[in-house]
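Worksheet for the structure shown next.
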Amino acid sequence: MTVQPPSLLRLGVNIDHVATIRNARGGSAPDPVRTAILALESGADGITAHLREDRRHISDADIDRLTQTLRAQGRPLNLEMACTQEMLYIALSHRPHAVCLVPERREERTTEGGLDVAGGHNWIAPMVGQLKANGSRVSLFVAADPAQISASAHCGAQVVELHTGAFCDAVRDGKAREAGTALDALRASARHAEDLGLEVHAGHGIDFETVEAVAAIPQLKELNIGHFLVGEAIFTGLPSAIGRMRCLMDEARQ
Ligand code: PXP
């Protein structure tokens, strides 16, 4: 299975919001699996999907089809999920290439913060162990906080995904000082994670304006981007939106 494409910085495209649009009418279009195939043809290195407890976007049937389709193509699926027994069972039975454990609250609009790994070691560590033993690479979605990163290494995770929401929100709100502080925290966290032997990813809220600063952090190996790309696809098409994002990521690494 091709799990390590040659890109300097991999792009995982999150297709959740194609499913959100489909679910608005309850039919089968637009199809997230067709989107996944197009995203991969357009320069994505992998596909990310978040199966939420309330199934507000991706469904169980989507995960079945995504797993089969991507496996047949030798491309990686990154399954985002909450740390619950229900999700653990689904991940163990599908054995996706990667699992990213995220905090989840029913009332939130999107994943608002990072996982409290430091406070949840006793239940997160066994789940990490089971997923790894089953053959999935395990990532923990955390804030740019040294304590959470150290706790992630203690839990046995192979990867941390840094939450870029604070930085991206500050840029969009024109809060330069806050953006600078958030970016410094991301940089320090990426260094800390690498020093602990963790692979470092980042994601949440990234768009064309914010991607270069994030992509320039040298320790990062993967960005996961969804909402902005799906929205931009309305105007320019998915291949063009992904192509431009890829280009900005590559330019940031030159
Ligand atoms: N990474 C993680 C762990 C996420 O939970 C999300 C949002 O589901 C993303 C990346 C993508 O964020 P966005 O859709 O804002 O690009």
Of all residues in segment 32-56, which are closer than 15 Å to residue 227 by Cα and modelled with pLDDT under 95? 56
Among residues of segment 128-150, those that are touching a helix residue (DSSP H, G or I) at 6+ places or on another chain (Cβ under 6 Å), open to solvent by 10 Å² or more (accessible area, probe 1.4 Å) and over 18 Å from residue 187 (Cα atoms), counted: 1
Quick check on segment 69-77. Is at least one of its residues of a type in the set (Lys, Arg), buried (at least 21 other Cβ atoms within 10 Å of the Cβ) and in contact with a helix residue (DSSP H, G or I) (Cβ under 8 Å, 6 or more places away or on another chain)? yes
Checked against (1) hydroxyl-bearing (Ser, Thr, Tyr); (2) farther than 20 Å from residue 12 by Cα; (3) not in a helix (DSSP H, G or I), residue 139 satisfies every condition except (2)
Step by step: first the residues of segment 204-226, then only those that are among the small types (Gly, Ala, Ser) and over 16 Å from residue 143 (Cβ atoms), then the one that is farthest from the ligand (Cβ to nearest atom). Which residue is that? 216
Qualifying position, being open to solvent by less than 50 Å² (accessible area, probe 1.4 Å) and of a type in the set (Asp, Glu), among 222, 178: 222
Among the numbered criteria (1) touching a residue at least 40 places away in the same chain (Cβ under 8 Å); (2) within 13 Å of the ligand (Cβ to nearest atom); (3) open to solvent by 50 Å² or more (accessible area, probe 1.4 Å), which one does residue 229 miss? (3)
Single condition residue 102 does not satisfy, out of (1) closer than 25 Å to residue 77 by Cα; (2) without any contact (Cβ under 8 Å) to a residue 12 or more places away in the chain; (3) β-branched (Val, Ile, Thr): (2)
Does residue 180 satisfy being within 12 Å of the ligand (Cβ to nearest atom) and of a type outside the set (Phe, Trp, Tyr)? no
Restricting attention to segment 212-230, which residues are closer than 12 Å to residue 165 by Cβ and small (Gly, Ala, Ser)? none
Out of segment 154-167, which residues are out of contact with any helix residue (DSSP H, G or I) (no Cβ under 8 Å at 6 or more places or on another chain) and either more than 14 Å from the ligand (Cβ to nearest atom) or hydrophobic (A, V, I, L, M, F, W, C) (or both)? 159
Under 7 Å between Cβ atoms, which residue pairs at least 6 apart in sequence (or on different chains) link something in segment 199-216 that is open to solvent by less than 10 Å² (accessible area, probe 1.4 Å) with a partner that is assigned to a loop (DSSP other than H, G, I, E, B) and of a type outside the set (Phe, Trp, Tyr)? 200/219; 202/164; 203/164; 206/164; 214/164; 214/206; 215/9; 215/253
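The values are calculated or read from the model by the stated rules, or taken from the named source; none is laboratory data. In this text the structure is predicted, and so the values were computed from the model without any measurement. No Cβ is skipped: glycine too gets one built from the backbone with ideal geometry, and neighbour counts run over all protein chains shown. These accessible areas exclude ligands, DNA and RNA; they are computed on the full protein's heavy atoms, side chains included. Shrake-Rupley method; radii C 1.70, N 1.55, O 1.52, S 1.80 Å.
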